[in-house]
Amino acid sequence: MPPAKKRTRSYDPAKIRTAVSTQFGNVRQAVRALGAEQLARPTRLGDWTVRELAAHVTLAVESVSRNLDREEPAKAELALLDWPFATAARAAGIADDTRQLAEAHPDLDALYADTGERLTEKLADAPGTRLLATRTGAMTLADYLVTRTVELVVHTDDLNAAVPGLDIPYDRQALAACTRLLADALAAKAPGGSTEVRVPPFAVVQCVEGPRHTRGTPPNVVETDPLTWIRLATGRLTWAQARQDTRVSASGERADLSAFLPLME
């Protein structure tokens, strides 16, 4: 059964554009400093190396420019909250594209420079209402840029996990948008009002079928930090492990979210 439709949260288009550019710049600066041994390290993404993961980040951002180069589709096909559930089908093709890109561009900094310049140029006069023929379905540029915050934040975390001490910083607006979109996706996948999920300071959503809470302390509450939530939502961390490590607090009989996670894989 497809996820239920839910009213989409609004995002400030100017702030999202800045967040995408800033987080991409944060990753570029860190990747520039990596040596051959670090680039050859494994990652938690199957058999991808750090080099391939770093190349994939440019692929995720270049998709904005590439889609702006393409003819505008006649109508939108994908709402923002549909996107998290539409990515799995593209996984194999993305992996192939990433490996080819990494092999074709041994100079990663040059690849990052070209990608950043293209993004700046293409966004200069592109309105947020402009439709893009993305591989997951036609959607507005404004919505697609919100999805890029998810790609950038998630893969920043992947890079930090792969290279000890790398510590790429997270742009606050990018982290906020990523957290909120994935929290709203949970509410769309598990509609209801019996459980309150809190990811301070960025998101609070009501979800899970059952008696709706209207006043006082909710009987079912889940609370965690943004990065833990993002890891849960994207399959980097299991619910059981997060509970064992006390990274998540959950109280109430409907506070177990394991049946709904991950949202993206």
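Within the stretch 91-108, the set of residues being of a type in the set (D, E, K, R) and surrounded by 12 or more Cβ atoms within 10 Å (Cβ to Cβ) comprises 97, 99.
A single entry from 226, 169, 200 fulfils the requirement of being buried (at least 21 other Cβ atoms within 10 Å of the Cβ) and within 30 Å of residue 28 (Cβ to Cβ): 226. Restricted to the stretch 153-265, the set of helices (runs of 4 or more DSSP H) holding at least 1 residues that are in contact (Cβ under 8 Å) with a residue 12 or more places away in the chain and of a type in the set (Val, Ile, Thr) comprises 172-189, 226-233. Got at least one residue in the stretch 82-89 being of a type in the set (Gly, Ala, Ser), in contact with a Ser or Thr (Cβ under 9 Å, 6 or more places away or on another chain) and exposed (fewer than 12 other Cβ atoms within 10 Å of the Cβ)? Within the stretch 82-89 (the criterion being of a type in the set (Gly, Ala, Ser), in contact with a Ser or Thr (Cβ under 9 Å, 6 or more places away or on another chain) and exposed (fewer than 12 other Cβ atoms within 10 Å of the Cβ)), the answer is yes, since at least one residue qualifies. For residue 129, indicate whether it is under 22 Å from residue 17 (Cβ atoms), of a type in the set (Ser, Thr, Tyr) and surrounded by fewer than 17 Cβ atoms within 10 Å (Cβ to Cβ). Yes: the conditions hold for residue 129. Among the residues of the stretch 39-50, is any under 30 Å from residue 190 (Cα atoms), open to solvent by less than 20 Å² (accessible area, probe 1.4 Å) and touching a strand residue (DSSP E or B) at 6+ places or on another chain (Cβ under 9 Å)? No.
The stretch 1-107 holds helices (runs of 4 or more DSSP H) entirely within its bounds, and those carrying 1 or more residues that are at pLDDT below 95 and among the charged types (D, E, K, R) map to 91-104. Which condition number does residue 111 fail, the rest of (1) open to solvent by 40 Å² or more (accessible area, probe 1.4 Å); (2) part of a helix (DSSP H, G or I) being met? Exception for residue 111: condition (1).
The values are calculated or read from the model by the stated rules, or taken from the named source; none is laboratory data. Quick caveat: nothing in here was measured; it's all calculated off a predicted structure. Counting neighbours? That spans all protein chains shown, and the Cβs are built from the backbone with ideal geometry, glycine included. Ligands, DNA and RNA are excluded from the accessible area calculation, which covers all protein heavy atoms including side chains. Shrake-Rupley method; radii C 1.70, N 1.55, O 1.52, S 1.80 Å.
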